[in-house]
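Below is one structure, written out as structure tokens, with a few remarks after it.
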Amino acid sequence: MSRAGSTESMLRWLLLPILALLGLSTWLGCSSRTDYLSPVYDTCYTVENCVPSATLCEPLSVEFGGELWESAICSLTCDIEGAVSPDCPRAWVGRFGSCYPSNIAGGIGETLVCLEPCDFIEDCQLGFRCLGAADLCGLDTASCPIDENDAICVPGPY
């Protein structure tokens, strides 16, 4: 192989990771990197444990399998209720958070808060479970504030 051929081959291998990173950043969207890397929906004991963009350490408790599971997450209030609310920071799954009354997941009152969206249990952190409207509201999904095709991370067994 000629020297020009090996240089060309090496340039292709160097460009491949760069193109992969550009593709990933395009797939994630045009928002800032901190939207994805900031653990807004992390567990907390007080709001001081949270990143600066979070204004709440929201206590949650959900009954699952006959046991009460409790924890608290860093969050913030929101105004646009529903799945994929633009009021809520993006989660690790790449979507904006879901904006629902905190009492749907055992929170205090009917304040609208950002909750971490999920598709699978693996999308949630340890000590949390991915549950949808039927799981959280039972058979009465018509009056459930959670959108029918949405699911959020709530305290529960992993």
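Every number here is computed from the coordinates shown, using simple stated rules; none is lab data. None of these values were measured; they are calculated from a predicted model. FYI the Cβ positions are ideal-geometry reconstructions off the backbone, even for glycines, and counts take in every protein chain you see.
Okay, here's what the table says:
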| item | result |
| --- | --- |
| Square roots of five times the Cα gyration tensor eigenvalues for the stretch 39-158, Å | 19, 16, 14 |
| Karplus 3J(HN,Hα) series, Hz, for the stretch 129-144 with 6.51 cos²θ - 1.76 cosθ + 1.60 (x for Gly, Pro) | 9, 8, 10, x, 4, 5, 5, 8, 10, x, 6, 8, 6, 5, 9, 6 |
| Radius 11 Å from Cβ of Arg129, net charge of other residues (Lys, Arg +1; Asp, Glu -1) | -3 |
| Distance in nm between pseudo-label sites at Ser143 and Thr111 (7 Å out along the Cβ direction from Cα) | 2.5 |
